[in-house]
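A short write-up of the structure that comes next.
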Protein chains: 2
Amino acid sequence: MSSESTTVNYPTEFKGFAVADPEKWENPELISFAPKKFNDETDSYVHIEVETNGICGSDLFVIKNEWSSEPMKHLKGSYSPKGQIVGHEIVGKVKYASPSAEKDGFNVGDRVGVGAQSYACLDCYECKNNKQQYCAKSVGTYNGLYPDGYVSQGGYASHVSCSTSMCFKLKDIKMESKYISPFLCAGLTVFSPILRGIKQAQEENRQPKVAILGVGGLGHIAIMLAKAKGCEVTAISRGYSKKEDALKMGADDFIATSDKETDWSKFERKFDLILNCATSTTSFDFGKLLPSLNVYSNFVSVGLPEKDEILKIYPIQFLRNGCGISASLLGSKDEAYELLKLVDEHNIKPWIEEIPICTLGVHEGVSKLSKGDVKYRFVLTDYHKFFGTGN
Amino acid sequence: MSSESTTVNYPTEFKGFAVADPEKWENPELISFAPKKFNDETDSYVHIEVETNGICGSDLFVIKNEWSSEPMKHLKGSYSPKGQIVGHEIVGKVKYASPSAEKDGFNVGDRVGVGAQSYACLDCYECKNNKQQYCAKSVGTYNGLYPDGYVSQGGYASHVSCSTSMCFKLKDIKMESKYISPFLCAGLTVFSPILRGIKQAQEENRQPKVAILGVGGLGHIAIMLAKAKGCEVTAISRGYSKKEDALKMGADDFIATSDKETDWSKFERKFDLILNCATSTTSFDFGKLLPSLNVYSNFVSVGLPEKDEILKIYPIQFLRNGCGISASLLGSKDEAYELLKLVDEHNIKPWIEEIPICTLGVHEGVSKLSKGDVKYRFVLTDYHKFFGTGN
């Protein structure tokens with residue numbers, strides 16, 4: 001399925017890096033593929049010429065097929081490529097806009113962003129109540145099966161073709177594309193529960209106090225966003241290796257869970273939110289973490305571990321402060337625009353390592369991320385140079 | 001430690017049914033005991049001559065010592081009885097009120113109620129924000145260790161001596177004492193999370209839809225209270241044996257979890273709250289229950305299983321609707337008074353079986369409750385006759 005030439009024959013052919021076999025996840029191969037078919041008379045959709053795309057932990061779970069007990073989804077696709085192109089922190093320019101998309105304000109040449117969700121119906125209860133990420137008809141930006149049998153393809157590609165329903169307009173945003181990319185999945189995913197935690201604290205006239213558990217791709221952005229929203233921020237990590245960075249990102253305090261000297265009693269009922277940015281929860285000591293939540297406050301996970309991992313907890317650990325454990329999925333449209341405005345106005349930039357897109361670059365990105373060897377987010381760049389696009 | 005005479009030498013001596021050894025939990029023995037010492041100059045406290053007391057599942061966990069990995073707490077008491085008297089759904093009359101208690105509006109002869117919590121400081125953040133049940137200085141009505149070394153003693157007794165901080169005035173309540181008793185623990189415990197579920201639904205202008213899981217001592221009251229507060233109520237039970245009763249209590253719909261024909265898809269994202277009134281969660285199919293919660297809604301447990309039981313859940317089960325799992329402890333003072341007003345105005349009565357208090361009666365009550373052989377709450381009555389009180 002590999003292709004010698006890297007130049008794209010747009011609009012009939014896109015190119016991108018796909019994994020067809022989870023055993024070969026470390027070596028995505030360059031393929032040519034047909035875009036999803038949309039209907040110009042009914043669909044508000046765009047073709048986006050990609051400029052930058054962040055590498056997200058989700059990419060690994062999908063190309064390793066660790067979230068599913070079924071074979072990889074591309075095998076179910078009808079006319080989509082027989083491989084999966086991941087990537088859902090996409091910034092690029094509109095190359096084609098359907099008539100409806102134009103009516104919706106998307107025009108050729110506009111810069112736009114797409115996160116982990118590329119379709120919402122915009123008509124259901126959730127969509128109409130600013131919870132589009134929970135739309136029952138939601139389609140993921142990659143690895144999502146459309147009703148027409150196409151499996152959606154992500155941003156490790158020359159182009160992405162998608163509905164405008166969850167496509168964000170970046171016309172008013174000054175920030176460079178490579179810095180915007182990580183906000184579109186990682187940023188939005190942490191921002192949504194942070195906003196809810198803040199709301200809960202404000203209802204009681206408290207300055208919100210937020211703990212960010214895990215200083216990685218998601219966590220480092222969470223620290224910056226919570227701080228920008230006026231929270232007192234405590235970063236929680238296993239050891240002290242990331243302490244200095246966390247404080248630079250804006251954390252007011254730091255807890256190393258491996259430090260047996262840590263006096264947890266001083267954190268009792270302190271936090272309005274513990275945002276768990278780590279994927280696995282098996283190593284957590286909930287007996288220490290949960291009592292540090294305020295009454296009725298929540299421990300919210302934004303990462304999802306592999307399918308067989310079970311969360312175990314003693315019910316008594318919830319009861320003393322009526323706290324809760326929950327998860328949060330991506331964010332809504334309003335939250336996305338609030339986030340983009342916030343980071344642009346405050347010039348909040350994720351800490352990124354740039355990787356020019358190419359076969360070796362993609363390989364390195366996924367391999368190093370899998371080892372946790374990144375500070376703190378990889379962003380694939382130089383798309384135009386590699387794919388011969390940008391004209 | 002047993003005593004032949006059942007007549008009390010008040011005020012120096014109270015009598016009650018105590019368990020000193022968890023092996024003998026089925027046979028609480030009649031003992032004489034000294035009340036807790038309060039300070040008339042500083043403490044707002046009362047002696048209550050008990051009239052009725054409900055038998056709660058918590059009573060069993062404590063006399064069987066199943067919530068603790070330590071020996072029974074009475075062994076730590078300094079001048080409290082060497083046995084544990086349980087019971088925390090107490091209605092009775094004030095027999096003595098300290099000067100401060102009188103200033104606080106408690107007078108000899110007043111009818112009052114005490115639930116599972118008999119002390120809150122009324123001065124901390126939680127107390128001042130209508131969350132007295134989470135006061136860090138809270139003392140349970142029984143099995144609670146006071147700073148002075150007394151282990152609190154409950155309502156299977158002629159009298160209860162306690163602070164007025166969590167003692168509820170029943171002057172304006174017309175309902176008979178035996179019907180009030182179960183509201184003081186079971187009722188308040190389910191009412192508090194129901195109120196929060198209703199608030200969450202109302203914030204989105206939805207009629208609240210509540211599922212009550214487990215139709216027993218707590219669940220049957222929860223059905224009635226949720227209905228009285230205007231919720232659409234679905235009762236969930238293992239089989240169909242309690243269906244007819246649940247509908248009589250006010251449930252609009254009924255789900256039997258053991259019925260493989262149940263079409264769970266019709267409950268998808270239906271509930272603003274699933275209130276788990278069962279103590280053990282090990283038999284639950286969270287894969288069916290959690291998707292029936294609305295976005296951001298909660299599965300709230302009000303029962304507490306024995307200490308070694310672990311709640312197990314796959315994180316993906318939270319993620320699809322951003323739902324949460326939490327627990328809720330008792331209720332606040334405001335919630336208690338709102339509850340008492342509600343049940344009195346609507347004449348909502350728990351379904352009770354009366355047991356005149358005596359050695360055999362107490363034995364039967366705890367034994368039958370342990371087997372689940374109760375419809376739906378035992379209430380101990382006829383205290384004056386047995387203890388020679390009421391003069």
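Okay, here's what the table says:
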read-out: All positions within segment A:74-89 that are hydroxyl-bearing (Ser, Thr, Tyr) and buried (at least 23 other Cβ atoms within 10 Å of the Cβ); value: A:80
read-out: Residue count, segment B:114-125 (criterion: surrounded by fewer than 24 Cβ atoms within 10 Å (Cβ to Cβ) and touching a Ser or Thr at 6+ places or on another chain (Cβ under 6 Å)); value: 3
read-out: Matching residues, segment A:311-323, being surrounded by fewer than 24 Cβ atoms within 10 Å (Cβ to Cβ) and either outside the structural domain of residue A:294 (by TED's automatic domain parsing) or more than 17 Å from residue B:317 (Cβ to Cβ) (or both); value: A:314, A:316, A:317, A:319, A:320, A:322
read-out: Residue satisfying condition, being farther than 25 Å from residue B:31 by Cα and under 24 Å from the mean Cα position of the chain (by Cα), within set B:312, B:333, B:368, B:288; value: B:333
read-out: Cβ pairs under 6 Å, 6+ apart, first in segment B:100-116 and aliphatic (A, V, I, L, M), second assigned to a loop (DSSP other than H, G, I, E, B); value: B:101/B:44; B:101/B:164; B:112/B:170; B:114/B:141; B:116/B:88; B:116/B:141; B:116/B:330
read-out: Matching residues in segment B:1-33 - criterion: being outside any strand (DSSP E or B) and modelled with pLDDT of 95 or more; value: B:20, B:21, B:22, B:23, B:24, B:25, B:26, B:27, B:28
read-out: Residue satisfying condition, being assigned by TED's automatic domain parsing to the domain that holds residue A:303 and in contact with a Pro (Cβ under 6 Å, 6 or more places away or on another chain), within set A:244, A:268; value: A:268
read-out: Options B:353, B:364, B:306, B:335: the member that is out of contact with any Lys or Arg (no Cβ under 9 Å at 6 or more places or on another chain) and surrounded by fewer than 20 Cβ atoms within 10 Å (Cβ to Cβ); value: B:364
read-out: Residue A:45 being aromatic (Phe, Trp, Tyr) and surrounded by fewer than 24 Cβ atoms within 10 Å (Cβ to Cβ); value: no
read-out: Subset of segment A:135-150 [of a type in the set (A, V, I, L, M, F, W, C) and either touching a Ser or Thr at 6+ places or on another chain (Cβ under 8 Å) or closer than 13 Å to residue A:78 by Cα (or both)]; value: A:139, A:145
read-out: Test: residue B:349 is modelled with pLDDT of 95 or more, under 20 Å from residue B:140 (Cβ atoms) and within 18 Å of the chain's Cα centre (by Cα); value: no
read-out: Elements of type strands (runs of 3 or more DSSP E) contained in segment A:81-155, each with 1 or more residues being in contact with a Phe, Trp or Tyr (Cβ under 8 Å, 6 or more places away or on another chain) and not hydroxyl-bearing (Ser, Thr, Tyr); value: A:90-97, A:111-114
read-out: Scan of segment A:48-80 for residues that are more than 14 Å from every other protein chain (Cβ to nearest Cβ), over 15 Å from residue A:28 (Cβ atoms) and either of a type in the set (Lys, Arg) or in a loop (DSSP other than H, G, I, E, B) (or both), ordered by number; value: A:71, A:73, A:76, A:77, A:78, A:79, A:80
read-out: Residue that is farthest from residue A:321 (Cα to Cα) [pool: residues in segment B:126-162 that are buried (at least 24 other Cβ atoms within 10 Å of the Cβ) and polar (S, T, N, Q)]; value: B:158
read-out: Lone qualifier among A:331, A:322, A:303 - being in contact with a Cys (Cβ under 8 Å, 6 or more places away or on another chain), assigned to a loop (DSSP other than H, G, I, E, B) and either within 14 Å of chain B (Cβ to nearest Cβ) or under 25 Å from residue A:67 (Cβ atoms) (or both); value: A:303
read-out: Identity of the residue in segment B:282-300, away from chain A (no Cβ under 12 Å) and of a type in the set (Ser, Thr, Tyr), that ends up nearest to residue B:226 (Cα to Cα); value: B:292
read-out: Unique residue being within 24 Å of the chain's Cα centre (by Cα) and small (Gly, Ala, Ser) when the list is B:105, B:109, B:83; value: B:83
read-out: Number of positions in segment B:352-365 that are under 15 Å from the mean Cα position of the chain (by Cα) and over 26 Å from residue B:228 (Cβ atoms); value: 0
read-out: Filter pass, residue A:71 being without any contact (Cβ under 8 Å) to a residue 12 or more places away in the chain and either surrounded by fewer than 22 Cβ atoms within 10 Å (Cβ to Cβ) or basic (Lys, Arg) (or both); value: yes
read-out: Filter result for residue B:373 (part of a loop (DSSP other than H, G, I, E, B), acidic (Asp, Glu) and more than 9 Å from every other protein chain (Cβ to nearest Cβ)); value: yes
read-out: Per-region count, segment A:109-154, residues polar (S, T, N, Q), away from chain B (no Cβ under 12 Å) and within 19 Å of residue A:335 (Cβ to Cβ); value: 3
read-out: Residue list for segment A:371-391, restricted to those being of a type in the set (Gly, Ala, Ser) and within 18 Å of the chain's Cα centre (by Cα); value: A:372
read-out: Qualifying residue in segment A:258-281 (condition: under 23 Å from residue A:57 (Cβ atoms), in a strand (DSSP E or B) and away from every other protein chain (no Cβ under 14 Å)); value: no
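The values are calculated or read from the model by the stated rules, or taken from the named source; none is laboratory data. Quantities reported herein were computed from a predicted structural model and do not represent experimental measurements. So basically every Cβ, Gly included, is an ideal-geometry build from the backbone, and we count neighbours across all protein chains shown.
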